[in-house]
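The structure appears right after this line, and notes come after that.
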Amino acid sequence: MKLIKILVVNLVFVFLFSSCSNLEQAYKTFNNLKALQFKLKEVNNFNLSNVLISNKRTISDFSLKDGLLLGNAYKNNQLPASFDLIVSVQNPNSVNNTNNTESLPITLTNLEWDLYLENKKTISGIFSKSITIANNDTEEIPININLDLMRFYNDKSYEQIINLVLNLGGVGNKPTLLKLDAKPTFKTKLGNIPYPGRINIIDQEYR
């Protein structure tokens, strides 16, 4: 009977210790994830109806062939656009040896996103490639975007759409007109954990 009591006490102690350890790990993990920051960095490889936009600044930079391709596409009410939207992810966490604080690299497993263009919701998707962001480091997430601009801008003139595209994906490739409403999920020792809430990712600042 005494041996049984000792075993029960030991099991209870192990259970409590394990629970406290898990709670502490969960607290550290949650704080590490909250510290992660996102920002839209740039737009690359912008194509509109098979016309490369990335090397152009104004409408006058288009060749006659480019103009014919884009003009015909607009008349047919189709302007398919494709580009890579680069999201910069910053992990400011570090190991504080003085306080013996543990901060581990963070692995992003997927990123659900809604794309906004000029504050207008367009398409949605999921980036599902795992990316590990080390402490005090930054990684880039390339999100391939494909959308038909005429679905969302059929009320605009040809010139208005071309100027919009040049501002979006032309020389300078700054995603000032774009926003991602996103929800990341991370791999941790406690399993996959979604980020608490959604993030508005913009180009002006890390969020």
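The values are calculated or read from the model by the stated rules, or taken from the named source; none is laboratory data. Just so we're clear, the structure is a prediction, and the values are computed from it rather than from any experiment. Here the Cβ positions follow ideal geometry from the backbone for every residue, glycine too, while neighbour counts run over all protein chains shown.
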What's the number of the condition N72 fails, among (1) among the polar types (S, T, N, Q); (2) farther than 21 Å from L149 by Cα; (3) at pLDDT 90 or above? (2)
Selected residue (only one of I86, I145, I126, I141 is within 20 Å of L178 (Cβ to Cβ), touching a Leu at 6+ places or on another chain (Cβ under 6 Å) and not in a loop (DSSP other than H, G, I, E, B)): I145
Consider the stretch 166-207. How many of its residues are more than 18 Å from the chain's Cα centre (by Cα), surrounded by fewer than 15 Cβ atoms within 10 Å (Cβ to Cβ), of a type outside the set (A, V, I, L, M, F, W, C) and in a loop (DSSP other than H, G, I, E, B)? 2
If we scan the stretch 122-129, do we find a residue that is closer than 22 Å to I53 by Cα and either in contact (Cβ under 8 Å) with a residue 12 or more places away in the chain or surrounded by 17 or more Cβ atoms within 10 Å (Cβ to Cβ) (or both)? yes
Report yes if some residue within the stretch 137-144 is surrounded by fewer than 15 Cβ atoms within 10 Å (Cβ to Cβ) and under 12 Å from F46 (Cα atoms); otherwise report no. yes
For residues in the stretch 108-121 being of a type in the set (S, T, N, Q) and over 10 Å from the mean Cα position of the chain (by Cα), which is surrounded by the fewest Cβ atoms within 10 Å (Cβ to Cβ)? N119
Go through the stretch 149-165 and report how many residues are surrounded by fewer than 12 Cβ atoms within 10 Å (Cβ to Cβ) and within 23 Å of N55 (Cα to Cα). 3
With respect to N135, is the statement that it is within 17 Å of L79 (Cα to Cα), free of Cβ contacts under 8 Å to residues at least 60 places away in the same chain and not in a strand (DSSP E or B) true? no
